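*Asks:* Below is a structure I'd like to ask you about.
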Amino acid sequence: MEKIQVAIIMGSDSDLEVMRKAAEALQEFKVAYEIRVLSAHRTPLALEKYLREAEERDCRAFICGAGMAAHLAGAVAARTVRPVIGVPLAGGIMDGLDSLLSTVQMPSGMPVATVAVGGARNAAMLAVQMLALSDEKLRKALVAQREKAAAKLAEKDAEIARRYAQE
């Protein structure tokens, strides 16, 4: 069994549509991951047990997605010293603002790196950057990905410039 480097945790299976974008990004970089549905409020003992086991297996980072005022990322950060990246999810009457605030407003000493509402892909990219600090192959893959994105944008720029050139 491959060693899991990143755990993706969501508070509800309805979060999967957004959180699978983190899984897809990790797959692009061949970073081993697993996905779980665990709630800080509905299954606190299962969450605590999972975190303990994940650390024992040397999981390097946790990506946590939750909506409304749920504080899954904060609950995870309180139980590990590994990096925790929070993904606030849209929904409810505040359409993600409540989730953003509950994820980013952590007490001193309990940091949660927080990405944009629905920003699961960026959460995975941040996890990859963290892993790349000690993995040269992963660092090179990140550099190559950035270069490819820049080249693609340059192609689109040239195409649009040609299409709308003043004669």
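*Asks:* Identify all residues within the range 8-42 that are touching a Phe, Trp or Tyr at 6+ places or on another chain (Cβ under 9 Å) and either of a type in the set (Val, Ile, Thr) or outside the structural domain of Pro88 (by TED's automatic domain parsing) (or both); write none if there are none. Break it down into steps so the answer makes sense when it comes.
*Replies:* Of all residues in the range 8-42, those touching a Phe, Trp or Tyr at 6+ places or on another chain (Cβ under 9 Å) come to 8-9, 22-23, 26-27, 36, 38.
Those that are touching a Phe, Trp or Tyr at 6+ places or on another chain (Cβ under 9 Å) and either of a type in the set (Val, Ile, Thr) or outside the structural domain of Pro88 (by TED's automatic domain parsing) (or both): Ile8, Ile9.
*Asks:* Another one. Before we move on, is Ala66 at pLDDT below 95 and within 24 Å of Ile4 (Cα to Cα)? If you could, list the steps in order and put the result at the bottom.
*Replies:* On the way: at pLDDT below 95: yes; within 24 Å of Ile4 (Cα to Cα): yes.
It is true that Ala66 is at pLDDT below 95 and within 24 Å of Ile4 (Cα to Cα).
*Asks:* Could I ask something else about it? Can you tell me which residue among Ala154, Ala77, Ala123 is touching a strand residue (DSSP E or B) at 6+ places or on another chain (Cβ under 9 Å), over 17 Å from Tyr33 (Cα atoms) and at pLDDT 95 or above?
*Replies:* Working: Ala154 fails: touching a strand residue (DSSP E or B) at 6+ places or on another chain (Cβ under 9 Å); Ala123 fails: over 17 Å from Tyr33 (Cα atoms).
The unique qualifying residue is Ala77.
*Asks:* List the helices (runs of 4 or more DSSP H) that sit entirely inside the range 5-112 and contain at least 3 residues that are under 28 Å from Ala141 (Cα atoms) and under 11 Å from the mean Cα position of the chain (by Cα). Before the answer, list the steps.
*Replies:* Details: elements: 16-28, 44-56, 72-77, 97-104.
The qualifying helices (runs of 4 or more DSSP H) are 16-28.
*Asks:* Do you know which residues across the range 78-105 are under 16 Å from Met10 (Cβ atoms) and touching a Phe, Trp or Tyr at 6+ places or on another chain (Cβ under 8 Å)?
*Replies:* Correct list: Val84, Ile85.
*Asks:* Need the failing condition index for Gly86 against (1) of a type in the set (Gly, Ala, Ser); (2) surrounded by 11 or more Cβ atoms within 10 Å (Cβ to Cβ); (3) at pLDDT below 95, just the number.
*Replies:* (3)
*Asks:* How many of the residues making up the range 38-88 are free of Cβ contacts under 8 Å to residues at least 24 places away in the same chain and of a type in the set (A, V, I, L, M, F, W, C)?
*Replies:* Here the count works out to 3.
*Asks:* With respect to the numbered conditions (1) in a loop (DSSP other than H, G, I, E, B); (2) touching a Leu at 6+ places or on another chain (Cβ under 9 Å), which one is the sole condition not fulfilled by Val128?
*Replies:* All conditions are met except number (1).
*Asks:* Does Ile35 count as without any contact (Cβ under 8 Å) to a residue 60 or more places away in the chain and hydrophobic (A, V, I, L, M, F, W, C)? Break it down stepwise before answering.
*Replies:* Values: without any contact (Cβ under 8 Å) to a residue 60 or more places away in the chain: yes; hydrophobic (A, V, I, L, M, F, W, C): yes.
Against the criterion (without any contact (Cβ under 8 Å) to a residue 60 or more places away in the chain and hydrophobic (A, V, I, L, M, F, W, C)), Ile35 qualifies.
The values are calculated or read from the model by the stated rules, or taken from the named source; none is laboratory data. On a predicted model such as this, the values are computed, not experimentally measured, just so you know. We place every Cβ from the backbone using ideal geometry, glycine too, and count neighbours over all the protein chains shown.
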